[in-house]
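Data first, discussion second: the structure below is written as structure tokens.
The values are calculated or read from the model by the stated rules, or taken from the named source; none is laboratory data. Computed from a prediction, not measured in an experiment: that's the story for all the values here. Backbone-built Cβ (ideal geometry, glycine too); neighbour counts: all protein chains shown. Areas reflect the complete protein model, heavy atoms only, side chains present, ligands, DNA and RNA absent. Shrake-Rupley method; radii C 1.70, N 1.55, O 1.52, S 1.80 Å.
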Amino acid sequence: MTDAAVTLAPEVAAFRRFSRFYTSYIGALGPDHQGSAVSLTEMRVLYEIAHREGPTAKEISADMRVDPGYVSRLLKGFRAKGWIAAVPDATDGRIRRLSLTGVGRAAFTPMYDRANVVAAEALEALAPEDRRRLLSAMGTIQAIIDPTAAPAEPYLLRPHRPGDMGEVIAAHGRLYAAEYGFDMSFEALVARIAADFIDQFDPARHCCWIAERDGVVVGSVFIVDADETTAKLRMLFVDESARGLGIGKRLTEEAMRFARSAGYSRMTLWTNDILTAAREIYRKAGFDHVASEPLNAFGVSMVAETWERDL
């Protein structure tokens, strides 16, 4: 064994134990994946052909990390069934672009739908909180193993709904404790702000945007009124699992867009000097740092800052 295999033996055992469990759980070990007429690898190759614009065999094998010869044999079988077509590339006749035929799509669609039903049944058996935890953990696994792999729909923005405030409060508490050493008094402050937002909510003057990824809340921003003409941006956050997708920038832009449409002419926000990523978002969005004062709060010494901009 290698030195790493010896040194990391407990971790290796845990990693392989999970791999054995999960491959059995998703039905990856049998010749027929989840009751379909194809194996898991065959199903994945068909999926790639169905959901891409003319992929090549080389691209599929590289992205799936599967031996090109094995992929070639699978494609030969699909051609024999009349499921796929291969046409020359428009600019390089040596390259063959793959697509599903009508027969192939008719075969693939019910298998794909069946896989979705199986997944839905598995998720439905879990409590809502357990579903969120599961999907969040899956996203974490993907982000750690391959940070460059972005899903086709990295996130969505939506208005708040019941249950969101609790998740926003908890996320702030965890995030700021882990990254900045804030104590639980910060979580209490966020809870009061969220409660005031719900109690005083006026859809014509206030808004909340929630960033959601794979069913998990990964970001938020709030707009309330500082006065008749000034909007106040509050509680902008992006979970560490969703950074690098531009969520903070997008949330800030949507908040400003709402404020303009609501008739505000100016926007203000409160932050502090240690929130460097947030301060950079505000700077790029056109905010100016207009005031500072020392602050001892949440168990940390910092400098409180006020930023403003015209709308």
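Some notes on this structure:
- Of everything listed in (1) among the small types (Gly, Ala, Ser); (2) closer than 25 Å to Asp214 by Cβ; (3) free of Cβ contacts under 8 Å to residues at least 60 places away in the same chain, the single unmet condition for Gly82 is (2).
- From Glu187, Glu179, residue being in contact with a His (Cβ under 7 Å, 6 or more places away or on another chain) and closer than 30 Å to Ala297 by Cβ: Glu187
- Those residues of region 105-123 which are of a type in the set (Gly, Ala, Ser) and out of contact with any helix residue (DSSP H, G or I) (no Cβ under 7 Å at 6 or more places or on another chain), in sequence order: Ala106, Ala107, Ala119, Ala120, Ala122
- Residue that is nearest to Glu253 (Cα to Cα) [pool: residues in region 278-292 that are assigned to a helix (DSSP H, G or I) and among the aliphatic types (A, V, I, L, M)]: Ile281
- Some residue of region 50-59 being under 24 Å from the mean Cα position of the chain (by Cα) and at positive phi: no
- Among the residues making up region 276-305, those that are within 23 Å of Glu179 (Cα to Cα), over 30 Å from the mean Cα position of the chain (by Cα) and β-branched (Val, Ile, Thr) are Val300, Val303.
- Note on region 71-97: residues that are among the hydroxyl-bearing types (Ser, Thr, Tyr) and either open to solvent by less than 30 Å² (accessible area, probe 1.4 Å) or in contact with a helix residue (DSSP H, G or I) (Cβ under 8 Å, 6 or more places away or on another chain) (or both) total 1.
- Boolean, Leu40 is under 29 Å from Ser24 (Cα atoms) and either open to solvent by less than 70 Å² (accessible area, probe 1.4 Å) or under 32 Å from the mean Cα position of the chain (by Cα) (or both): yes
- Among residues that are touching a helix residue (DSSP H, G or I) at 6+ places or on another chain (Cβ under 6 Å), of a type in the set (S, T, N, Q) and closer than 30 Å to Ala28 by Cα, Thr148 is not included.
Yes or no, residue by residue, for (1) at pLDDT 90 or above; (2) within 22 Å of Ala178 (Cα to Cα); (3) not in a strand (DSSP E or B):
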{"position": "Ile210", "(1), (2), (3)": "yes, yes, no"}
{"position": "Gly219", "(1), (2), (3)": "yes, yes, no"}
{"position": "Phe222", "(1), (2), (3)": "yes, no, no"}
{"position": "Leu233", "(1), (2), (3)": "yes, no, no"}
{"position": "Thr252", "(1), (2), (3)": "yes, no, yes"}
{"position": "Thr271", "(1), (2), (3)": "yes, yes, no"}
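- Pairs meeting the criteria (first residue in region 120-149 and under 17 Å from Glu167 (Cα atoms), second residue part of a helix (DSSP H, G or I) and open to solvent by 70 Å² or more (accessible area, probe 1.4 Å), beta carbons under 9 Å, at least 6 apart or on different chains) are Arg131/Glu124.
- Residue in region 185-193 that is out of contact with any strand residue (DSSP E or B) (no Cβ under 6 Å at 6 or more places or on another chain) and open to solvent by less than 10 Å² (accessible area, probe 1.4 Å) present: yes
- Which listed residue is open to solvent by 30 Å² or more (accessible area, probe 1.4 Å), touching a strand residue (DSSP E or B) at 6+ places or on another chain (Cβ under 9 Å) and more than 27 Å from Ala137 (Cα to Cα), from Thr101, Thr56: Thr101
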